[in-house]
1. Need the failing condition index for L238 against (1) surrounded by fewer than 20 Cβ atoms within 10 Å (Cβ to Cβ); (2) under 22 Å from G120 (Cα atoms); (3) not assigned by TED's automatic domain parsing to the domain that holds E174, just the number.
2. In the range 184-210, how many residues are away from the ligand (no atom under 15 Å from the Cβ) and either more than 14 Å from N152 (Cβ to Cβ) or not assigned by TED's automatic domain parsing to the domain that holds D146 (or both)?
3. With the requirement that a residue be without any contact (Cβ under 8 Å) to a residue 60 or more places away in the chain, over 24 Å from I363 (Cα atoms) and either within 18 Å of the chain's Cα centre (by Cα) or surrounded by 17 or more Cβ atoms within 10 Å (Cβ to Cβ) (or both), what does the range 270-324 give you?
4. Just the residues that are of a type in the set (G, A, S) and within 12 Å of the ligand (Cβ to nearest atom), please, taken from the range 124-168.
5. Restricting to the range 334-370, count the residues that are away from the ligand (no atom under 16 Å from the Cβ) and part of a helix (DSSP H, G or I).
6. Where residues in the range 46-66 are buried (at least 24 other Cβ atoms within 10 Å of the Cβ) and over 23 Å from F231 (Cα atoms), which of them is nearest to the ligand (Cβ to nearest atom)?
7. Of the conditions (1) farther than 20 Å from M98 by Cα; (2) surrounded by fewer than 24 Cβ atoms within 10 Å (Cβ to Cβ), G228 fails just one. Which one is it?
Amino acid sequence: MEFELSEEHRLIKDTARRIAKDVVAPRAKELDETCEYPHDYFEAFKQAGLLGMALPEEMGGTGNGILPLCLAIEEVAKYECGAGLMLVLSGLPTRPIMFGGTPEQQQQWLPAAANGDLKGAFCLTEPDAGSDAASLKTRAVRDGDDYVLNGNKVYISGGTVADFLTVFARTGGEGAKGISAFVVDAKSPGVVIDRTDDKMGVRSVPTAHFSFQDVRVPASNLLGGEEGKGFNHAMLTLNSLRPTVGARGIGLAEGCISYALDWARERKVFGDAVIDLQAIQFMFAEMAIQVEAARNLVYKAAWLVDQGKFGRENAHHLSIAKAYATEMANKVAFDSLQVLGAQGYMKDHPLERHYRDARQLMIVEGTSQVQRVVISRAMQDRALVYG
Ligand SMILES: Cc1cc2nc3c(=O)[nH]c(=O)nc-3n(C[C@H](O)[C@H](O)[C@H](O)COP(=O)(O)OP(=O)(O)OC[C@H]3O[C@@H](n4cnc5c(N)ncnc54)[C@H](O)[C@@H]3O)c2cc1C
């Protein structure tokens, strides 16, 4: 068992830390207000080679893996949770192509995504199909050399800036086996953005609502050239990226603790610094316990993914890490805001923003309840055994 970060890991962490301080932190508050997609963040990630970490070298990526991606996400999410999401988005629309695409499809889309020339978005959720994604209704019907796509997708992160969309649509009957995956050029006629959301948090990365109106997609863009495999590609993608959502939670929590600790050293109450109060010291100790527990779960989950262990038999480990780390981030954001008293409630400080941002993490890529469904299923199936 090895708990030390490698030299390569430290280098990636340091690179991300520099970008976090120089590029991400100065604009975090402004972006929360303007909701403008931060192209400068993307450019910094691109220049530093951070966008191809989730992809192997033979597909144009850097082949670093999910653990190093988590380390980078953690650093930038200390200042702005949306910056962490942008790095997650380097994997979310590309990994279905990595898992299910033909070699030609992989070469067509992945090197350009890995080096930041193309941005993608992952289109699974629909107005009537969120947690129950297998009930999605968007339909793709074969017509000559094309499929004709009709339907709606909602809350699509990065949808407004995407060049390509990885879309899950029904080509067959009811249920998961009737779902296929397509790569859709976002500029295709009939791809319409109906609206974007006015969100509680993570406001720098817009979520778009798409309608597909008779969109013609070349049959050569059906992933793997085979119908009915799309749901599996979606689930493998979500499973393998669970640690990255957890990493956003760890970074956010660390950012909260660091800010609140600095403040508590300065603020005087009853003649002493707030940090001298034992009740406050114990709050910080509790936060540290939770962050370190989450870190171990998330790094282990990321390591499992990098070993190729993210199928159904290991899904519970990934769900435990995602659920714990994202719920931890909410508790830490809550308590660190409390340390500042009234000041914590004000937009003069970043803690109210972190508190709003943290809320997203328990919903996206499988809610906390859905993670518990996965974990309890593993216990019933005896994949997770105690005693
Ligand atoms: C900011 C943001 C960004 C997003 N980005 C994307 C994106 O890029 N691409 C994309 O495809 N989707 C995206 N989503 C959608 C997200 O994945 C879904 O919101 C999520 O899967 C939950 O679906 P839902 O909102 O429809 O809730 P529902 O499925 O309607 O769930 C409602 C409630 O029921 C609970 N529930 C559901 N099923 C069960 C169960 N079996 N047992 C117990 N409780 C259950 C849920 O936990 C929740 O509390 C995004 C969402 C948000 C908020």
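The values are calculated or read from the model by the stated rules, or taken from the named source; none is laboratory data. Just so you know, these numbers come straight off a predicted model, no measurement behind them. For neighbour counting, all protein chains shown are included, and Cβ atoms are generated from backbone atoms with ideal geometry for every residue, glycine included.
1. Unmet for L238, out of (1) surrounded by fewer than 20 Cβ atoms within 10 Å (Cβ to Cβ); (2) under 22 Å from G120 (Cα atoms); (3) not assigned by TED's automatic domain parsing to the domain that holds E174: (1).
2. Final tally of qualifying residues: 4.
3. Selection gives I275, I280, M283, F284.
4. A129, G130, S131, A133, A134, S135, S157, G158, G159, A162, listed by residue number.
5. First, the residues of the range 334-370 that are away from the ligand (no atom under 16 Å from the Cβ): 334-352.
Of the ones still in play, those that are also part of a helix (DSSP H, G or I) are 334-339, 341-345, 351-352.
Selection size over the range 334-370: 13.
6. L51
7. Of (1) farther than 20 Å from M98 by Cα; (2) surrounded by fewer than 24 Cβ atoms within 10 Å (Cβ to Cβ), only one is false for G228: (1).
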